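Accompanying notes for the structure given below.
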Amino acid sequence: MSRVPLKLFTIVGLAVAVGLATAVSPFAASTPDGLERVAEDKAFVEAAKDTPLHESSPIPDYAFPGIDDERVATGVAGFVGTLFMFGLGYGLALLIRRRDGGGGATTA
Amino acid sequence: MYSLPIALHIPDGFLSNGVSAVLWVVAIVIIAYGLRVANVSLTEDRVPLLGVLAAFIFAGQMLNFPVAGGTSGHFLGAALAAVLLGPWIACIVTAVVIAVQAIAFADGGITVLGANIVNMGALGALLAGFLMVAALRVLPKTRGAFLGTVAVVAWTAVMVGAIATALQLAISGTVPLGTVLPAMVGVHALIGIGEAVITVAAVSAVLASRPDLIAIGDPERYAAGAPALAGEGAR
């Protein structure tokens, strides 16, 4: 079996991530997660403080601002966030990768 | 309704300043070393993989799945990153995701960001990566053994993060160790199973499409199309 071209691999991988974050995350479990559950059960949850960035963060709590529907707000946050992470990861990798004198040409 | 922005991420206030500061230092040292490793070994063909992994880990962390008793958990991705990129570059990817979550999504605290980078990313990535290398040295070179090892190290990565978090909470004086450790271990033993399932599925997909992109082990030898070594992965 031949290898999938890198470009196709990248597009499909990104599409899976964006699809999950956009379409599935609005329906993810909303029950307390591991640490939150332990903090509630063991009565130290009140030690938690809101992060000082809560007001200034662009998309607090994975809800895209200005959208009333909670699920849509989460889906849009997932879509935007996942694309942003791809760009950031890709860009960072270009900056920190091994240089063989090939210059900064883009890959894929 | 007020809901705590915890989501496995430690919020501000859970750890003492001393513990938070030490973990910031640990996180910075690990990232600095990771950058050096990337500078030497991150080849151009892996650049898109880093973008895809950052996206996939971010997406996966939004997908809370239910575990027992009204509790949920989510994918962490440290082991997946370690298998695909090697342990040190995995530390960078997970750190970037966790930092963006804290800054852009108000998920996880800022004073405890170092702790989250260590507990949810670096510790698991390093342990999973080095365990994987050690295990593959002695295990048969089959697809089954490879994926089985991936499952075990993914589960282990979640557990080590949970244990580290429990220790840090106890040292910080937030909650006694005897109280928090069994609870954290119990919940995360279940969350780790979800982590193992997702990690194996993702590694299988890469194994089937681009085995050359897998950093750890010698997966091309038993990937699809390679000469069958033990009856698996022959087609």
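Assorted remarks:
- Among residues of segment B:27-44 being at the interface with chain A (Cβ under 7 Å from one of its Cβ atoms) and in a helix (DSSP H, G or I), the one that is farthest from residue B:211 (Cα to Cα) is B:35.
- Any chance residue B:47 is facing chain A (nearest Cβ under 10 Å), of a type outside the set (S, T, N, Q) and outside any loop (DSSP other than H, G, I, E, B): yes
- All positions within segment B:161-178 that are crowded, with 21+ Cβ neighbours inside 10 Å and either more than 11 Å from chain A (Cβ to nearest Cβ) or closer than 24 Å to residue B:193 by Cα (or both): B:161, B:162, B:165, B:166, B:168, B:169
- Filter result for residue B:102 (under 23 Å from residue B:200 (Cα atoms), in contact (Cβ under 8 Å) with a residue 12 or more places away in the chain and not charged (D, E, K, R)): no
- Checked against (1) surrounded by 21 or more Cβ atoms within 10 Å (Cβ to Cβ); (2) within 30 Å of residue B:206 (Cβ to Cβ); (3) facing another protein chain (nearest Cβ under 8 Å), residue B:12 meets all criteria but (2).
- Close Cβ contacts (under 9 Å, 6 or more residues apart or on different chains) running from residues in segment A:28-55 that are on the phi > 0 side of the Ramachandran plot to residues that are open to solvent by 80 Å² or more (accessible area, probe 1.4 Å) are absent.
- Residue in segment B:15-25 that is within 10 Å of chain A (Cβ to nearest Cβ) and either buried (at least 24 other Cβ atoms within 10 Å of the Cβ) or among the charged types (D, E, K, R) (or both) present: yes
The values are calculated or read from the model by the stated rules, or taken from the named source; none is laboratory data. Because the structure is a prediction, the values reported are computed rather than measured. Glycine gets a Cβ as well: all are built from the backbone with ideal geometry, and neighbour counts include every protein chain shown. For accessibility, only protein heavy atoms count, side chains too; no ligands or nucleic acids. Shrake-Rupley method; radii C 1.70, N 1.55, O 1.52, S 1.80 Å.
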